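Here the structure comes first, spelled out in structure tokens, and everything after it is commentary.
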There are 2 protein chains.
Amino acid sequence: MQAAFYHGNRSITVGECTPVPPGPGQVQMRVSHCGICGTDVHIYHGNMDHRVKFPQIIGHESSGVIEQVGEGVTGWKAGDRVTVRPLDYCGECPACKNGHSHICMKLKFIGIDSPGAMQGLWTFPAHTLHRLPENLSLEQGALIEPIAVACHDVRMGEVRSGEYAVVLGGGPIGLLVGLVAKSKGARVLVVEPNPYRIQLARKMGLNVVSPGETDLVEMVNNETGGAGADVVFEVSGAGVAVETMTKLPRVRGRMVMVAIHPQPRPVDLFRFFWRELKLVGARVYEPEDFEEAIALAASGTMPLDPVITKVVPLEGLLPGFQEIDAGGDVMKILVRCS
Amino acid sequence: MQAAFYHGNRSITVGECTPVPPGPGQVQMRVSHCGICGTDVHIYHGNMDHRVKFPQIIGHESSGVIEQVGEGVTGWKAGDRVTVRPLDYCGECPACKNGHSHICMKLKFIGIDSPGAMQGLWTFPAHTLHRLPENLSLEQGALIEPIAVACHDVRMGEVRSGEYAVVLGGGPIGLLVGLVAKSKGARVLVVEPNPYRIQLARKMGLNVVSPGETDLVEMVNNETGGAGADVVFEVSGAGVAVETMTKLPRVRGRMVMVAIHPQPRPVDLFRFFWRELKLVGARVYEPEDFEEAIALAASGTMPLDPVITKVVPLEGLLPGFQEIDAGGDVMKILVRCS
């Protein structure tokens with residue numbers, strides 16, 4: 001079978017790869033599709049070279065069909081249509097013991113710390129599997145992982161029906177956060193400067209404004225009777241968004257830190273005190289977020305198709321990275337892996 | 001009767017003052033004691049001149065005995081021993097309507113925005129009163145307001161029995177936060193560089209370390225089986241404490257922003273994401289915090305006497321400010337007002 005290999009230094013090749021038979025507790029999946037994630041772009045840029053082993057097979061937003069199951073695996077059989085929650089935890093650290101295995105202190109993220117989905121036949125631990133219902137296509141199945149991220153973010157933000165939610169950043173995760181918050185009955189405003197993303201967000205039925213063209217504080221106050229937003233999601237990673245973030249919430253409003261800010265950012269801590277604001281970090285997902293993402297996607301109520309910009313073969317991975325780097329009109333690229 | 005007046009520019013005088021008869025909904029209290037608060041120091045420094053009216057009677061950590069009640073005031077009578085929750089809210093803004101009147105968007109803080117307690121006979125709204133039990137002295141009664149701040153902070157930090165709490169800053173509020181957290185069954189570590197405050201914290205039965213002499217991260221991890229602190233209170237206002245703050249909590253640990261940081265501070269937002277940390281601001285108190293503070297103080301289990309450095313007459317207010325400014329060995333100074 002074929003696989004895409006990352007060799008460091010923005011080098012990607014596609015070549016033959018020997019399938020690994022599933023060991024005890026493992027399954028082998030015929031990978032149908034795998035989405036290109038922002039994390040994959042970071043890997044491609046070399047930012048995670050300390051974690052990968054060359055040549056590394058990356059990819060973690062996957063869907064497929066079980067090919068064979070290893071010893072001791074119950075509840076799964078060849079032919080099952082599945083998606084994968086790519087977290088391999090130790091089960092023994094304080095975080096795992098405290099019930100937070102998705103933030104295991106020795107977490108192995110499958111597709112970074114071990115081989116990922118960009119291959120025809122992929123072998124990995126069976127405990128990561130979630131079943132895809134028949135009415136979800138395998139293309140849509142490859143979106144479950146990012147939708148689960150959004151479900152987790154919205155859950156951490158405690159979004160309730162009728163609330164006003166602001167999403168700073170309209171990339172794939174930002175738009176999905178907007179859609180999931182909307183599914184909870186929230187009024188949602190997405191803030192995004194990129195014209196391509198703006199029109200895509202509108203196509204998906206989301207309210208969206210460009211930060212340069214709008215006085216956000218005034219707008220949010222106007223739309224909330226002077227109170228402020230109930231919840232703000234920071235999904236952009238931009239310093240200016242961190243500045244905006246603390247200005248928008250109402251008294252006792254919430255903020256969710258979804259984006260990765262590698263450097264410390266100036267934060268208006270006085271505003272936390274003054275309005276009793278709350279900021280919570282949100283990382284990956286828990287099993288219930290995957291189940292919610294699958295149920296939401298299967299409900300047919302989410303406009304998911306506009307998220308998928310195109311579907312490419314394994315050979316399209318490198319051009320995909322290059323297109324993303326060039327700032328092209330790209331939301332989500334799916335790679336067809338078998 | 002006598003009162004202490006602030007005239008701006010670090011000028012304080014004591015002189016005759018005509019008592020104001022209580023209007024409808026008001027009471028007149030014979031003020032027994034009033035503590036000097038950090039906020040009063042800010043007023044004395046001129047930092048709040050835009051809010052005060054010269055000459056201003058300040059003070060808000062008070063105890064006393066009701067002298068007379070105004071029209072329509074029920075439940076209170078002359079002779080009642082009381083303390084005062086000095087918050088005057090509008091009842092009509094979004095925050096008030098949402099049940100958060102202690103953060104009223106037009107909040108008047110009595111003793112800043114209207115005359116305070118540093119006078120013999122003080123007239124103010126009756127809805128601010130809390131009853132003092134007989135077994136609390138009026139000196140101790142003047143500590144209820146800062147204890148209520150600590151009760152609010154600990155409540156916002158959701159401290160539970162058996163948890164590990166770190167308090168950054170060992171001033172009056174920091175020590176009280178430590179004592180209240182301890183009363184919840186938490187293991188408490190106070191972090192404070194000042195030798196006078198360190199010995200006082202020890203006298204009160206609190207564990208305390210100097211940040212310069214201790215590797216805090218190592219210490220907290222050692223004491224929590226490698227997990228990290230359950231909750232961290234930032235009560236110091238120091239930039240270096242904000243840096244420390246995000247390093248200490250466990251996965252899903254909490255931080256409470258008690259201190260006032262007038263300028264934005266660099267904050268490690270990556271750590272929020274990585275450990276799903278939570279930061280919540282805490283401002284003043286709600287009625288239940290006053291009731292809890294009174295019950296705690298009356299229980300006799302809190303070593304409150306070491307908090308009171310000395311009791312001075314009204315004429316001692318100016319020397320008190322000067323002593324605090326000079327960095328003297330001072331925790332809480334109480335002013336005897338009548």
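The values are calculated or read from the model by the stated rules, or taken from the named source; none is laboratory data. A quick note: this is a predicted structure, and the numbers were derived from the prediction, not measured. Counting neighbours? That spans all protein chains shown, and the Cβs are built from the backbone with ideal geometry, glycine included. All accessible areas refer to the heavy atoms of the entire protein, side chains included, with ligands and DNA or RNA removed. Shrake-Rupley method; radii C 1.70, N 1.55, O 1.52, S 1.80 Å.
Which whole-Hz ³J(HN,Hα) couplings does the stretch A:139-145 yield from phi under the Karplus relation 6.51 cos²θ - 1.76 cosθ + 1.60, θ = phi - 60°, glycine and proline marked x?
5, 4, x, 6, 8, 4, 4
Using the Cα centre as the reference, give the magnitude of the dipole from point charges on the C-beta atoms of the stretch A:43-126 (Lys, Arg: +1; Asp, Glu: -1; all else neutral), rounded to the nearest 20 debye.
With Lys and Arg at +1 and Asp and Glu at -1, about 140 debye.
Residues with amide H under 5 Å of residue B:137's amide H, sequence separation 5 or more or different chain, H placed in the peptide plane at 1.01 Å from N; which?
Amide H neighbours of residue B:137, under 5 Å, 5+ apart: none.
Hey, got the average number of other protein chain Cβ atoms within 10 angstrom for residues in B:236-248?
1
Can you list, shortest first and in nm, the gaps between the label point of residue B:328 and those of its counterparts in the other copies, using a point 7 Å from Cα in the C-beta direction?
Nearest to farthest, the other copies are at 7.4 nm.
HN-Hα J couplings of the stretch A:282-287 from phi, Karplus 6.51/-1.76/1.60, θ = phi - 60°, integer Hz, Gly and Pro as x?
10, 10, 6, 6, 10, x
Sticking with the crude label model, points 7 Å out along Cα→Cβ, report the distance from residue A:20 to residue B:90 in nm, one decimal please.
Computed distance between label sites residue A:20 and residue B:90 equals 6.3 nm.
Cα-Cα pairs above 29 Å in chain B: how many percent?
The proportion of pairs with Cα distances above 29 Å equals 39 percent.
Treating only the Cβ of Lys, Arg, Asp and Glu as charged (+1, +1, -1, -1), what charge dipole size does the protein assembly as shown show about its Cα centre? Round to the nearest 20 debye.
Roughly 300 debye for the protein assembly as shown.
Looking at chain B as a GNM with Cα springs under 10 Å, which of B:95, B:181, B:150 has the largest mean-square fluctuation?
Comparing B:95, B:181, B:150 in a Gaussian network model of chain B, the most mobile one is B:95.
Projected area of the stretch A:237-338, taken from the Cα convex hull and averaged over every viewing direction, in nm²?
9.7 nm²
Using modelled backbone amide H atoms (1.01 Å from N, in-plane), which distant-in-sequence or interchain residues come within less than 5 Å of residue B:255's amide H?
Amide H neighbours of residue B:255, under 5 Å, 5+ apart: B:232, B:278, B:279, B:280.
Rounded to the nearest 10 Å², what accessible area does residue A:333 show when all protein chains are kept and the probe is 1.4 Å?
Answer for residue A:333: close to 0 Å² accessible.
As I understand it, the dipole of the protein assembly as shown uses +1 on the Cβ of Lys and Arg and -1 on the Cβ of Asp and Glu, about the Cα centre. Which of A:280, B:273, A:21 lies farthest toward its positive end?
A:21
Work out from phi, with θ = phi - 60° and the Karplus expression 6.51 cos²θ - 1.76 cosθ + 1.60, the ³J(HN,Hα) of each residue of the stretch B:295-312, listed in order in whole Hz, and give x for Gly and Pro.
4, 5, 4, 6, 5, x, 8, 9, x, 7, 4, x, 5, 7, 6, 6, 10, 10
For helix A:172-183, what angle does its Cα long axis make with the longest principal axis of chain A, in degrees from 0 to 90 and rounded to 10?
Here the helix axis deviates by roughly 70 degrees.
Can you give the convex hull volume per residue for the Cα atoms of the stretch B:172-290, as a whole number of Å³?
121 Å³
Starting from a label point 7 Å past Cα on the Cβ side, list the distances from residue A:260 to the same position in the other copies, nm, shortest first.
3.9
What's the Kirkwood radius of the protein assembly as shown in Å, using all Cα pairs?
With all distinct Cα pairs of the protein assembly as shown included, I get 27.7 Å.
Averaged over A:258-265, how many beta carbons belonging to a partner chain fall within 10 Å of each residue's beta carbon?
That works out to 5 on average.
Out of the total accessible area of the protein assembly as shown (probe 1.4 Å, heavy atoms of protein only), what percent is carbon and sulfur?
Carbon plus sulfur share of accessible area: 51 percent.
Given +1 on the Cβ of Lys and Arg, -1 on the Cβ of Asp and Glu, and no further charges, what dipole in debye does the stretch B:154-246 carry about its Cα centre, rounded to the nearest 20?
Result for the stretch B:154-246 is approximately 520 debye, rounded to the nearest 20.
So with the 1.4 Å probe, I'd like the accessible area per residue for the protein assembly as shown, rounded to whole Å².
Per residue, the protein assembly as shown has an accessible area of 38 Å².
Could you identify which residue out of A:80, A:49, A:325 has the top mean-square fluctuation in a GNM of chain A using Cα springs shorter than 10 Å?
With Cα springs under 10 Å in chain A, the top fluctuation among A:80, A:49, A:325 is at A:325.
Label position 7 Å from Cα toward Cβ: report the copy-to-copy distances for residue A:50 in nm, one decimal, ordered from shortest.
4.4
Which whole number gives the average count of other chain Cβ atoms within 10 Å of the Cβ atoms across peptide B:104-112?
Other-chain Cβ atoms within 10 Å of each residue's Cβ, averaged: 1.
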